[in-house]
Amino acid sequence: MFPRVEGTILDIRGLAKTYKGGTTALAGVDLQIRKGEIFALLGPNGAGKTTLIGAVCGLLRPSGGTIEAFGLDARRHWREVRRRIGLVPQELSFDMFARVDHSVAYSRGMFGCAPDPARIEQVLRSLSLWDKRKAKIRELSGGMKRRVMIAKALSHDPDLLFLDEPTAGVDVELRRDMWRQIDALREAGTTIILTTHYIEEAQAMADRVGVINKGQLLLVDEKAAIMAQLGRTEARIALTPPLPGVPAALAGYPVTLENGGRTLFYRGGDGTGAGKREVAELVKALVGQGIGFEGIETRESSLEDIFVDLVENRVGAPA
Amino acid sequence: MNARGALAIFTNELLRFFRTAFGSILSPVLTTALYFIVFGAAIGGRIQEIDGVSYGAFIVPGLLMLTLLSESTSNASFGIYMPRFTGAIYELLSAPVGVAETLIGFVGAAAAKSLIIAAIILLTALLFVDYTIAHPLLAVGYIVLVAAAFSLFGFILGVWADGFEKLQIVPMLILTPLTFLGGTFYSIQMLAEPWRTVAQFNPIFYLINGLRWTFTGRADVPIGVAFGMTLGLIVLCVGVIALIFRTGWRLRD
């Protein structure tokens, strides 16, 4: 179990959910979210991301574990807790025939807030929806509809905002626009938990990242720490002529031969630049051994590579 | 209690109603007006009085009850079923609203819509039938109770239904036939045995006669029985809805 950390806004312990059919969506998840951070929850389809969000937001009943938000037990103080949480679900779900401004004002009222046309205007303007305020939701484009979902979730000024795949199905321009909006929310002090399939999104925005698969958190850490711990440098050196085997002088390096001995593949380092230095030493060793080569390609592993490794191979530190 | 939340749901439901006012109001009013024209004005004049009441005036409470039951049930069931169908129920489930706010919002709005339609129908009936209301305050109170009871029932139906077909089954195949057979167009005294006894097993028969008593001062059953049955239905439905919220049946996985 984690000790409680100062500044924790959400404290999940041993959260479990088994559906009626017997499917276990969450198998004892422990997770602490810090006030003011953007936390990205990554995982393949069916990993338990949406179930985790649903359990915190009250959409489903956990089979076990506890959820504490803002220092309050979410089950006992559900009204106080829910009043301070906003949710943007994955699916576009609303009354398509309602007007944009009515729909957003409805959400605000449902969360117990007094009518505030000025605040509604502010939210709509921030999401570039003000000009569409009198339009019926069904008349909007897909991207606009997703913005309405966000406007509804922001209408009651939540302290903790869940974004379940906020940029799914939107074009690149709108996605970057949403990133800016999410960043603005962080600046305003809102804590954000987002799930995403776009690892690039997590890499660009998140302070911390959690990887979940089959209902279990495989890893939770600072993005930079994950990159440092699990990041790798890869280099491919085109050899001339091909080698029959790795020379003894290179045995100390993490290298293999590929492509019929025509490519020397290096994979090592730790994501802090150590790999690049080692590649430089490797090149010197090649020169020293008189081994000819005609090109070098290097790349640093991305968060996506780490994510794939974690999910497919379950390597890395436990959560 | 989140009063603003309840008001938001109530207002939103009424907005939805007025958005579709043409179909929501015109359709039931037109249908009932046709009954008044055919049975009240055209045929009613050739039928003898029942218990000293003209036939046209006799059928007003029954037709009003028919509209109240079907509108209250369908308004409430549709009101809660649509967010379930579209997925917008997530907002209700994640908001700080409980059973009280949900009932005030959804059931209150459904009942309010039915009462608006009932008032229009009563006014429309004046165009075709000459009727008076013997106990206006009791009539209003009873109509409100029936609207509330069947809106609660409709809410349960809307939670139970997993398709539009199920949403229609109960009003079309149960409520409407029972209302027709419950004495909308005739007095139970006009039936021969065993049908007179069989009719008394129809709960709608008591509701229609309760309303008829408030209109004409005469009915086949005591008014207390009708009030008691309506209140009993309200208590039963509130209990079922409280259980639904406690267990999350059909709402929360």
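The numbers here are math on the coordinates, done by the rules we state, and not lab data. It should be emphasised that the depicted structure is a prediction, and the values quoted were computed from it without experimental measurement. Using ideal geometry, Cβ is built from the backbone for each residue, glycine included, and neighbour counts are taken over all protein chains shown.
Numbers below:
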{"quantity": "Candidates B:Leu167, B:Leu231, filtered to the one that is in contact with a helix residue (DSSP H, G or I) (Cβ under 9 Å, 6 or more places away or on another chain) and buried (at least 19 other Cβ atoms within 10 Å of the Cβ)", "calculated": "B:Leu167"}
{"quantity": "Within region A:130-173, considering residues that are aliphatic (A, V, I, L, M) and not in a helix (DSSP H, G or I), the one farthest from A:Leu92 (Cα to Cα)", "calculated": "A:Leu160"}
{"quantity": "Selection within region A:151-162 - under 24 Å from A:Phe97 (Cα atoms) and either within 17 Å of the chain's Cα centre (by Cα) or surrounded by fewer than 21 Cβ atoms within 10 Å (Cβ to Cβ) (or both)", "calculated": "none"}
{"quantity": "Leading residue by the ranking (nearest to B:Ala109 (Cα to Cα)) among those in region B:1-28 that are in a helix (DSSP H, G or I), more than 7 Å from every other protein chain (Cβ to nearest Cβ) and among the aliphatic types (A, V, I, L, M)", "calculated": "B:Leu14"}
{"quantity": "Checking A:Ala69 against (1) more than 17 Å from A:Asn213 (Cα to Cα); (2) free of Cβ contacts under 8 Å to residues at least 60 places away in the same chain, the condition it does not meet", "calculated": "(2)"}
{"quantity": "Matching residues, region B:74-102, being surrounded by fewer than 24 Cβ atoms within 10 Å (Cβ to Cβ) and hydrophobic (A, V, I, L, M, F, W, C)", "calculated": "B:Phe78, B:Met82, B:Phe85, B:Ala88, B:Ile89, B:Leu92, B:Leu93, B:Val99, B:Ala100"}
{"quantity": "Test: residue in region A:78-92 that is within 8 Å of another protein chain (Cβ to nearest Cβ) and among the polar types (S, T, N, Q)", "calculated": "no"}
{"quantity": "Within region A:215-292, strands (runs of 3 or more DSSP E) holding 2 or more residues that are closer than 30 Å to A:Ile33 by Cβ", "calculated": "A:216-222"}
{"quantity": "From the options A:Asp116, A:Asp131, A:Asp73, residue that is under 15 Å from A:Met144 (Cβ atoms) and of a type in the set (Asp, Glu)", "calculated": "A:Asp131"}
{"quantity": "Restricting region B:96-147 to residues that are touching a Gly at 6+ places or on another chain (Cβ under 6 Å) and among the small types (Gly, Ala, Ser), the residue that is nearest to the other protein chains (Cβ to nearest Cβ)", "calculated": "B:Ala110"}
{"quantity": "Residues satisfying the stated conditions in region B:165-207, i.e. assigned to a helix (DSSP H, G or I), of a type in the set (A, V, I, L, M, F, W, C) and touching a residue at least 40 places away in the same chain (Cβ under 8 Å)", "calculated": "B:Leu167, B:Val170, B:Leu175, B:Phe180, B:Met190, B:Ile204, B:Leu207"}
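Residue-by-condition table, conditions (1) of a type in the set (A, V, I, L, M, F, W, C); (2) buried (at least 21 other Cβ atoms within 10 Å of the Cβ); (3) in a loop (DSSP other than H, G, I, E, B); (4) away from chain B (no Cβ under 14 Å):
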residue: A:His102; (1), (2), (3), (4): no, no, no, no
residue: A:Ala105; (1), (2), (3), (4): yes, yes, no, no
residue: A:Pro115; (1), (2), (3), (4): no, no, yes, no
residue: A:Ile120; (1), (2), (3), (4): yes, yes, no, no
residue: A:Arg125; (1), (2), (3), (4): no, no, no, yes
residue: A:Ser128; (1), (2), (3), (4): no, no, yes, yes
